[in-house]
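K.L.:
Have a look at this one before I ask anything.
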Amino acid sequence: MTPHISCDTARRWIALAVDEELPPEREPQLESHLDACPRCRQERVEAFARLGTIGVGVQEVTDEIDDLLEGQLGVEQLDLEPEVRPVSESRKYLLLAFAAMILVFLNLYLNFKWNEDPTPPDAIAQLEVLTEGVDDVSVVRSRVRPGETISVARGSHARLEVPLVGAVIEISGASEVQWPSPGGSVSTLKLLEGSITCNIEPRGLGFEVRTANLEVRVTGTRFVVHRVQRERRSEIQVESGVVLVSRPGIGGEIEVKAGERVEVVGKGMLFHPAPKPRTTPPATRLVPPEISPERSGEEHQEGNSGRRSRPLDLPGNRGSRSDDDGEDG
């Protein structure tokens, strides 16, 4: 069965047929479309008719030039009277129209070639590598095909966008990643060495990051994965959201929340809870001038969060120090 083509494609192919550049294998598809579409069929007739008219005018001009070059037509034989100028003007406009039509055909042809050979559908990730120089920052953009290994040199950093799954991967310098992970879909990535930061949109598709001894499965979150190959160590730190962490070939997943961290070294897995917020230490309280040093020591014992503390070993306090039983020393 002949594949169906659109009217826009048929018009581009008609332009190629006029220029005798249409591949033979596409002629059956074009003829099948023209049989079903009277409008495109009429356009082809008009295109070839225009080409014939232009060809006649060009041939006449070419014959005159040949006669002049061969000496068969003298200059005195040329009729340069004003009454023949309209004919010359018409030929000038004819040549201009011919040149304009060539430009139109060329534009249609380039347009057709651009649409016919777009970016390969498997190149669905955009890579942007930034390298900081002495005076400026150079940016190199390219497309990544599945299965390629991305290496980022030390001193540079890269940004990998996978729009299909809503993932933005920030790759640090001296890192190496493989997208997608071997045997995985486009929603998987393997970190071979270095560190990456992943931003995943909550689209429900999810994303998975793998290392040699760690697997992270997420949906709508931000996290950092670090891999040191020579130490056989992988690390996942969640900045927001929740991720599921597991080890390859080992059943069971653990849930890691924002602020928590999991470290895998060899065959062991170490869980680091989120750090607790640091409390501000109590402010220092000055002793009023009218209170005696002995009284200030008692207030210091009562006011320090209920904990017993001993006064400082000042010269004025040495004679009144007491032992733990309350007796004077």
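K.L.:
Within the set of other residues whose C-beta is less than 9 Å from the C-beta of R217, count the net charge using Lys and Arg as +1 and Asp and Glu as -1. Don't skip to the end; give the middle numbers.
P.N.:
Details: positive: none; negative: E208, E215, E253.
So the environment of R217 carries a net charge of -3.
K.L.:
Out of residues 5 or more away from L22 or on other chains, whose amide H comes under 5 Å of its own, with H placed 1.01 Å from N in the peptide plane?
P.N.:
Here A17 satisfy the definition.
K.L.:
Local charge sum around E43 (other residues, Cβ-Cβ under 13 Å, Lys/Arg +1, Asp/Glu -1)?
P.N.:
Details: positive: R11, R12, R39, R41, R44, R50; negative: D8, E46.
That sum, taken over residues with Cβ under 13 Å, equals +4.
K.L.:
How charged is the neighbourhood of K267? Take every other residue with its Cβ under 14 Å from the Cβ of K267, and add Lys/Arg as +1 and Asp/Glu as -1. Intermediate values should be presented prior to the final figure.
P.N.:
On the way: positive: R232, R233, R247; negative: E231, E263.
Within the 14 Å Cβ shell, the charges total +1.
K.L.:
Same structure again: Please list the non-local residues whose amide H lies under 5 Å from the amide H of G166, H modeled 1.01 Å from N, same-chain partners needing a gap of 5 or more.
P.N.:
Distant-sequence amide H within range of G166: zero hits.
Just so you know, all these numbers are worked out from the coordinates, no wet-lab data involved. What you are looking at is a predicted structure, and each value in this text was computed from that prediction instead of being measured. Note: ideal-geometry Cβ built from the backbone for every residue, glycine included; neighbour counts use all protein chains shown.
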